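Colleague: Sharing a structure, written as structure tokens. Questions coming.
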Ligand code: C2E
Ligand code: MG
Ligand code: MG
Ligand code: MG
């Protein structure tokens with residue numbers, strides 16, 4: 001019986017692998033068609049100053065506007081885009097659209113973009129981003145680049161030089177998903193970050209886990225002594241918000257403030273708050 005079961009499991013395993021491989025190939029073919037066809041669009045998630053409640057800016061998040069599947073989230077295509085060498089074209093296309101859109105917003109609003117591990121191995125990354133900023137007439141001071149620790153450990157030297165070039169241009173750098181990587185503290189010393197983004201796994205367990213509270217408090221103190229700003233991600237309810245406000249002065253984002261939305265929804269919201277600039281206005285450096 002054991003042998004039979006074993007074979008059954010094996011068949012199941014093979015079928016699952018085969019299905020995954022087929023999905024992967026379909027996704028890759030879809031990307032090869034969809035990237036040049038302009039099917040990847042930016043969505044925007046609000047980032048709030050938790051102390052004042054003021055809108056600080058937006059994080060730009062890619063969505064695949066798929067002709068059959070509808071809006072596809074990044075976990076279903078970023079990995080395949082990385083492996084198949086399409087991530088750079090995909091990201092730059094989404095960034096360009098996002099910059100064209102956000103340059104019409106109040107100049108005090110920041111825009112954060114995510115850079116994937118493969119992009120951080122491209123020696124021309126900084127030049128490509130700066131070229132986009134020039135072409136879209138978007139002030140570098142309004143841009144923040146989010147990188148995760150997992151992008152850093154493969155080629156720290158190259159990452160350091162890319163980050164230095166970005167900083168030279170006035171672009172700010174955030175360490176995304178902080179606490180989930182390998183050697184967070186070493187990276188804080190090696191690289192000139194402006195901000196730490198506390199991963200939502202710590203944030204969401206704040207109300208029922210005293211270890212999470214201790215960790216978030218320690219991150220807040222560490223950030224303060226290093227002169228870094230802090231953003232908490234994944235805030236879904238007011239209890240979490242109150243916990244965070246009791247611990248320190250954070251920026252924050254999450255479904256409590258709103259889901260990521262397309263430009264067509266951001267614009268009426270900004271217009272209602274008088275945050276839509278009629279024309280791109282002179283550069284004002286946003287506050288941290
Ligand atoms: P991330 O940078 O950590 O982005 C935050 C993710 O958390 C977003 O998922 C967002 O929708 C989700 N989120 C925000 N608030 C909440 C909340 O209150 N609760 C919960 N449960 N989730 C929340 P999304 O849009 O699916 O993005 C996933 C990841 O994909 C991002 O993680 C980012 O690393 C990556 N990504 C997104 N857009 C791009 C892109 O244009 N280029 C690259 N390279 N990566 C991207
Ligand atoms: Mg991010
Ligand atoms: Mg995260
Ligand atoms: Mg994050």
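The values are calculated or read from the model by the stated rules, or taken from the named source; none is laboratory data. Worth saying up front: this structure is predicted, and the values here are computed from it rather than measured. When we count neighbours, we look across all protein chains shown, and the Cβ atoms used for this are built from the backbone with ideal geometry, even at glycine.
Colleague: Would you confirm whether or not segment 89-111 contains a residue that is in a strand (DSSP E or B) and either closer than 22 Å to residue 228 by Cβ or under 13 Å from the mean Cα position of the chain (by Cα) (or both)?
Modeller: Yes, segment 89-111 has at least one match.
Colleague: Moving to a separate point now. Can you tell me how many residues in segment 94-116 are more than 16 Å from ligand 2 (Cβ to nearest atom), surrounded by 21 or more Cβ atoms within 10 Å (Cβ to Cβ) and more than 17 Å from residue 139 (Cβ to Cβ)?
Modeller: Total meeting the criteria: 0.
Colleague: Inspect all residues belonging to segment 136-153 and state whether any of them is surrounded by 13 or more Cβ atoms within 10 Å (Cβ to Cβ), within 16 Å of ligand 1 (Cβ to nearest atom), under 21 Å from residue 111 (Cα atoms) and more than 19 Å from the chain's Cα centre (by Cα).
Modeller: yes
Colleague: So, one more: Identify, please: which residue in segment 147-170 is within 16 Å of ligand 2 (Cβ to nearest atom) and at pLDDT below 95 and is, among those, nearest to residue 59 (Cα to Cα)?
Modeller: 148
Colleague: Let me ask something else. For segment 189-221, which positions are out of contact with any strand residue (DSSP E or B) (no Cβ under 7 Å at 6 or more places or on another chain), part of a helix (DSSP H, G or I) and buried (at least 16 other Cβ atoms within 10 Å of the Cβ)?
Modeller: 200, 202, 204, 212, 213, 215
Colleague: Right, here's the next one. List, please: which pairs have Cβ atoms under 8 Å, are six or more places apart or on different chains, and start with a residue in segment 33-60 that is under 22 Å from residue 172 (Cα atoms) and end with one that is modelled with pLDDT under 95 and part of a strand (DSSP E or B)?
Modeller: none
Colleague: Next question. Are any residues in segment 170-183 surrounded by fewer than 17 Cβ atoms within 10 Å (Cβ to Cβ) and either in contact (Cβ under 8 Å) with a residue 60 or more places away in the chain or in contact with a strand residue (DSSP E or B) (Cβ under 9 Å, 6 or more places away or on another chain) (or both), and if so, which ones?
Modeller: 170, 180
Colleague: Specify the residue that is nearest to ligand 3 (Cβ to nearest atom); the eligible residues are those in segment 226-240 that are in a helix (DSSP H, G or I) and either in contact (Cβ under 8 Å) with a residue 60 or more places away in the chain or farther than 15 Å from residue 178 by Cβ (or both).
Modeller: It comes out as 240.
Colleague: Given the conditions (1) surrounded by fewer than 20 Cβ atoms within 10 Å (Cβ to Cβ); (2) within 22 Å of residue 275 (Cβ to Cβ), and given that residue 78 satisfies all but one, which numbered condition is not satisfied?
Modeller: Just one mismatch for residue 78, condition (2).
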